[in-house]
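Visitor: Take this structure, written in structure tokens, and hold onto it; I'll ask about it next.
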Amino acid sequence: MGGSSRYDRRIDVDAEHLAEARDFRELAAALRDQHDGTIPDRQLAWQVAGVLSAAAGELANGRALPLELRRSVRGVAGALRDALGA
């Protein structure tokens, strides 16, 4: 194979990527533990938490997220931080 898959490319896992992954994981945990109904639909809340957890796993393991996906996940994380008061 030509190594064109993003899973074949590695990036250095620096402190910035690890911090972002940790932030996404913390938001996912807060979302799963929410009791104030930040996202009233529980199934939707768990799905959003799953996206954050998956993005965190990719970053923490040295795999770059596609740019638009990373921007979207960061946007979701920012909106959740605001909604959760975090």
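Visitor: Quick one: order 25, 71 by neighbouring beta-carbon count within 10 Å, fewest to most.
Guide: 71, 25
Visitor: What translational diffusion coefficient, to the nearest whole µm²/s, does region 15-84 have by Stokes-Einstein, given a Kirkwood radius computed over alpha-carbon pairs, a temperature of 25 °C and 0.890 mPa s viscosity?
Guide: It diffuses with D of about 204 µm²/s by this estimate.
Visitor: Distance from a point 7 Å along Cα→Cβ of residue 38 to each backbone N in region 59-86: keep the residues under 15 Å and list them by number.
Guide: Only 73-86 pass the distance filter.
Visitor: Moving on. Treat the count of other C-beta atoms within 10 Å as a stand-in for reagent exposure and order 52, 44 from fewest to most.
Guide: Going from sparsest to densest Cβ surroundings: 44, 52.
Visitor: Continuing with this model, one more query. For residue 72 and residue 46, compute 0.36 nm times the residue count separating them, minus their Cα-Cα distance, and round to one decimal in nm.
Guide: 7.6 nm
Visitor: Using the per-residue mean of other Cβ atoms lying within 10 Å as a proxy for protection, in what order, highest first, do the peptides 75-81, 55-61 fall? Numbers along the way, then the final one.
Guide: Working: 75-81: 15.4, 55-61: 19.1.
Ranking the peptides 75-81, 55-61 by packing returns 55-61, 75-81.
Every number here is computed from the coordinates shown, using simple stated rules; none is lab data. Keep in mind the model is a prediction, meaning the values are calculated, not measured. Don't worry about glycine lacking a Cβ; one is built from the backbone with ideal geometry, like all the others, and counts go over all protein chains shown.
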